[in-house]
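Q: Supplied in structure tokens, the structure appears directly below.
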Amino acid sequence: MTDHHKPHGAELLKEAQEHMPLGVADSYRYWGQEDTVFVKSVKGCTLTDCDGQEFVDFRLAYGPIILGYRDRRVDEAVIKCITESGTISGFSSELDAQVISLVKSLCPHIEKMRFANSGTEAVIGAVRTARGFTGKNKVVIVEGGFHGLYDEMMWKSDVDNWNPQTQAAPEVIPFGAGIPEASREHIEIVPLNSFEAIDEVFERVGDDIAAIVIEPIMGNCGSISSTKEYMQKLRDVCDQFGALLIMDEVKTGFRVAKGGVAELYGINSDLTTYAKAIGNGYPVAAFGGRADVMNQIRFDKTGVTHGGTYTANLIGLTAAKATLTILKETDALETVNRVGGEIRELLSRVFTKFGIEHRFSGPDAMFGIHFGNEVPQNYRDWKKTDSALYVRFAHNLIKNGVMLEPDSREPWFICEAHKDIDLEWLEKVAVQSMEDAINAD
Ligand code: PMP
């Protein structure tokens, strides 16, 4: 950020710190006393901060923006809904089934669905339904993945402090304080793409595994992707043991393809979670999948409980209906992937110009950049990349008007509105930002 920028944002942060821990509403928004971003407005693929500095945004609020900020088509539908129908009634509306029909037309493996308001809630619903259906307890998750702020999903492998010479595997630790030890009891963590690790877990506790929860393309770990063979392995092992495969498509759904990862891989999950792109930035989420599994949600003693005051509220569902209709009927996602591919090529040219070994992972709509000479296959591999160089490069991009998360575990998100950006300008900015990153080493 420019020097001119800093005082105002810094002042707002100081004031906010009198009211909120860290002065931010989500701890990840805290980027330090000088660099925490306060936004005035967003439009298309741009973000304007409180000082009027404009950024081309590849962070896109961690992924929900697929068309563009303030997409007129979606916003007009929502405004009409608010003024003519309302926001919430605590009852059903015709939108419920309409939105699910749209999802089903894009994702044929979804037979029944329920709504939620955030990815976290969708994961809670999916995991509970899986446990209710299977009568089993354990849940297998993957190192480097993220599934929201739900206690059980807040355990991770401490890869950062792992010494492979002295420890067979990284220690399992909570994300922070306040996560009860009891919530770890049924969680098993495996590194992505390791057949050995998945075999080991299923041999040990396979009879009590309710589900594997996985981001097949890790939107929270540089879009490091499972191989097709690995996803097939998970499918097979779940079928063999009577466990369910839950694909967390909160970041990939309605982004990487109309039918998400399931379409790209040609492998069906039993349950899937959606959020983010389903509503182009409005708070709406969902989980669904096999009808026999979802029908476990019912009132009797063996039924799974699900619901919530804001579930299927009219604002979220109207946004979802408008967004999904556009994704279904237009070539928006092809545009997103084409533009993403062009940006990737442009960045590759810049890195090559400076002789920097680099690899991309994930699809063009949300790609990860890794400085190193191998495509990481899991979080342990990611640790071997030059993430410090990436952080310096990213901070320079931000200074020069390109917004992104200064952490290579967060992919570059592309939206339809990026089709209008000036690629020559972006290449120049990328060259300058890399030159400065190298000189600062
Ligand atoms: N699952 C995945 C894959 C996510 O990326 C996230 C959030 N980034 C979540 C779940 C949780 O979603 P939310 O922040 O909407 O609760």
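Q: For the range 413-431, how many residues meet the condition of being in a loop (DSSP other than H, G, I, E, B) and without any contact (Cβ under 8 Å) to a residue 40 or more places away in the chain? Step through it out loud before you land on a result.
A: As a first pass, look at the range 413-431 and keep what is in a loop (DSSP other than H, G, I, E, B): 414-415, 421-422.
Still in the list and also without any contact (Cβ under 8 Å) to a residue 40 or more places away in the chain: 422.
The total comes to 1.
Q: Here is a follow-up. Can you go through 362, 355, 340 and tell me which one is of a type in the set (Gly, Ala, Ser), at positive phi and in contact (Cβ under 8 Å) with a residue 40 or more places away in the chain?
A: 362
Q: What number of residues in the range 381-391 are in contact with a helix residue (DSSP H, G or I) (Cβ under 8 Å, 6 or more places away or on another chain) and surrounded by 19 or more Cβ atoms within 10 Å (Cβ to Cβ)?
A: 1
Q: Inside the range 367-379, can you point out the residues that are crowded, with 19+ Cβ neighbours inside 10 Å and either of a type in the set (Lys, Arg) or farther than 23 Å from residue 190 by Cβ (or both)?
A: 367, 369
Q: Hey, can you tell me all the residues within the range 81-126 that are free of Cβ contacts under 8 Å to residues at least 12 places away in the same chain and either at positive phi or outside any loop (DSSP other than H, G, I, E, B) (or both)?
A: Just the residues of the range 81-126 that are free of Cβ contacts under 8 Å to residues at least 12 places away in the same chain, to begin with: 83-84, 91, 94, 97, 101, 104.
83, 84, 94, 97, 101, 104 - these are the residues of the range 81-126 that are free of Cβ contacts under 8 Å to residues at least 12 places away in the same chain and either at positive phi or outside any loop (DSSP other than H, G, I, E, B) (or both).
Q: In this structure, is residue 61 assigned to a helix (DSSP H, G or I), within 16 Å of the ligand (Cβ to nearest atom) and either under 20 Å from residue 333 (Cβ atoms) or basic (Lys, Arg) (or both)?
A: Answer is yes for this residue.
Q: If I go through the range 128-154 residue by residue, how many of them are more than 27 Å from residue 376 (Cβ to Cβ) and within 14 Å of the ligand (Cβ to nearest atom)?
A: 1
Q: Being away from the ligand (no atom under 16 Å from the Cβ) and part of a strand (DSSP E or B) is the filter; apply it to the range 168-206 and report the residue that is surrounded by the most Cβ atoms within 10 Å (Cβ to Cβ).
A: Taking the candidates together, the pick is 190.
Q: Restricting attention to the range 207-220, does a residue exist that is among the acidic types (Asp, Glu) and either modelled with pLDDT under 95 or near the ligand (Cβ under 10 Å from one of its atoms) (or both)? If you could, list the steps in order and put the result at the bottom.
A: Taking the range 207-220 and keeping what is among the acidic types (Asp, Glu), we get 207-208, 215.
If we keep only those that are either modelled with pLDDT under 95 or near the ligand (Cβ under 10 Å from one of its atoms) (or both) as well, we get 215.
The answer is yes, given that some residue of the range 207-220 is among the acidic types (Asp, Glu) and either modelled with pLDDT under 95 or near the ligand (Cβ under 10 Å from one of its atoms) (or both).
Q: Working only within the range 311-346, note down all residues that are surrounded by 23 or more Cβ atoms within 10 Å (Cβ to Cβ) and among the acidic types (Asp, Glu).
A: Within the range 311-346, none qualify.
The values are calculated or read from the model by the stated rules, or taken from the named source; none is laboratory data. Just so you know, these numbers come straight off a predicted model, no measurement behind them. Quick reminder, even Gly has a Cβ in these numbers, built from the backbone with ideal geometry, and neighbours come from all protein chains shown.
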